[in-house]
Amino acid sequence: MKYFVADAFTDVPFQGNPAGVCLTERELPDELMQRIAAENGLPETAFLRRTAEGWHIRWFTPAFEMDLCGHATLASGFVLLEHVTPDAGEIVFSSRSGRLRVSRDGAMYTLDFPARPPQPCPVPEGLAEALGARVTECALSRDLVTVLESAEAVRALAPDFVRMRTIPNLPPVVVTAAGDDCDFVSRYFDVHDAIIEDPVTGSAHCSLAPFWSGRLGKDTLLARQLSLRGGTLRCRVDGGRVFISGSAVLYLRGEIVAPA
């Protein structure tokens, strides 16, 4: 199968979040897709299959299948629009999370994703100690939105992952704060994944963008994810949808030849 790797939410190679993009000619067994994703060793590998209605997409980390992935969807849209169907203006994917659009937006690409506004919840016992930072509040959707005091606190965070694993039923944790050179910043940790800190997490902004839109009283926001690789996301909240824009660059193209 044809295979690409693109760095998403960056216009500079080796930054942003790398995603594998596999173009499959038929539906593959789940076990095979999982093994390919583990072999690739990237935060996410997307598997794309052309159907009568368009394209179908699934996302796998090295350890499990995801219900929604932003950076791998952006990378997939970029690969299709630049290298497979360059005359198209947008790509529509069917997925476990409904219909998702990736449209060309000048030099960037825009995701049309469902909003997932988080709801206030108690701070899990032991979380502040595991993070090594003061937590001012938490809200829950798929991810646990965890608010810290400042962008510098997010940037300097050095969590104790062993301690985080002892917190019962802890979902992925996205730490966030108001930005100093943007509207808000974040980092994303999932102690149950093989890659614990995700470099840039588009799907988390389905919750972060509505959260900060309500706080800041604005629908258009500039966000930065402060991982080692780093990434920039431009978000717009419109009712039940979040539009997330970013750039992408191609790193690799080739073929996977393992038995399928």
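The values are calculated or read from the model by the stated rules, or taken from the named source; none is laboratory data. The structure presented is a predicted model; accordingly, all values stated were derived computationally and were not measured. Cβ atoms come from the backbone with ideal geometry, glycine included; neighbour counts cover every protein chain shown.
Quick rundown of the values:
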{"quantity": "Every pair of residues 6+ apart whose Cβ atoms lie under 8 Å, when the first sits in region 106-126 and is without any contact (Cβ under 8 Å) to a residue 24 or more places away in the chain while the second is surrounded by 13 or more Cβ atoms within 10 Å (Cβ to Cβ) and β-branched (Val, Ile, Thr)", "calculated": "123/135; 123/146"}
{"quantity": "Top-ranked residue in region 69-97 [being touching a strand residue (DSSP E or B) at 6+ places or on another chain (Cβ under 7 Å) and in a loop (DSSP other than H, G, I, E, B); ranked as nearest to residue 202 (Cα to Cα)]", "calculated": "69"}
{"quantity": "Subset tally (residues that are under 18 Å from residue 202 (Cβ atoms) and either within 15 Å of the chain's Cα centre (by Cα) or surrounded by fewer than 24 Cβ atoms within 10 Å (Cβ to Cβ) (or both)) for region 33-47", "calculated": "5"}
{"quantity": "Residue list for region 145-185, restricted to those being within 16 Å of residue 231 (Cβ to Cβ) and part of a loop (DSSP other than H, G, I, E, B)", "calculated": "179, 181, 182, 183"}
{"quantity": "Number of the condition not met by residue 192 [criteria: (1) within 24 Å of residue 233 (Cα to Cα); (2) in contact with a Phe, Trp or Tyr (Cβ under 9 Å, 6 or more places away or on another chain); (3) in a loop (DSSP other than H, G, I, E, B)]", "calculated": "(1)"}
{"quantity": "Among the candidates 223, 204, 194, 209, residue that is at pLDDT below 95 and either touching a Cys at 6+ places or on another chain (Cβ under 9 Å) or among the aliphatic types (A, V, I, L, M) (or both)", "calculated": "194"}
{"quantity": "Residue that is farthest from residue 70 (Cα to Cα) [pool: residues in region 1-26 that are under 16 Å from the mean Cα position of the chain (by Cα) and assigned to a loop (DSSP other than H, G, I, E, B)]", "calculated": "15"}
{"quantity": "Hits in region 98-144 (condition: within 17 Å of residue 247 (Cα to Cα), in contact with a Leu (Cβ under 9 Å, 6 or more places away or on another chain) and either acidic (Asp, Glu) or in a loop (DSSP other than H, G, I, E, B) (or both))", "calculated": "112"}
{"quantity": "Within region 74-92, tally of residues that are touching a residue at least 24 places away in the same chain (Cβ under 8 Å) and more than 18 Å from residue 229 (Cβ to Cβ)", "calculated": "10"}
{"quantity": "Total residues in region 113-146, condition of a type in the set (D, E, K, R) and within 17 Å of the chain's Cα centre (by Cα)", "calculated": "3"}
{"quantity": "Among the residues listed as 155, 187, 165, the single one being under 17 Å from residue 63 (Cβ atoms) and either crowded, with 16+ Cβ neighbours inside 10 Å or among the charged types (D, E, K, R) (or both)", "calculated": "165"}
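Conditions (1) over 17 Å from residue 22 (Cβ atoms); (2) surrounded by 16 or more Cβ atoms within 10 Å (Cβ to Cβ); (3) at pLDDT 95 or above, marked per residue:
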| position | (1), (2), (3) |
| --- | --- |
| 58 | no, yes, yes |
| 74 | no, yes, yes |
| 78 | no, yes, yes |
| 91 | no, yes, yes |
| 109 | yes, yes, yes |
| 126 | yes, no, yes |
| 136 | yes, no, yes |
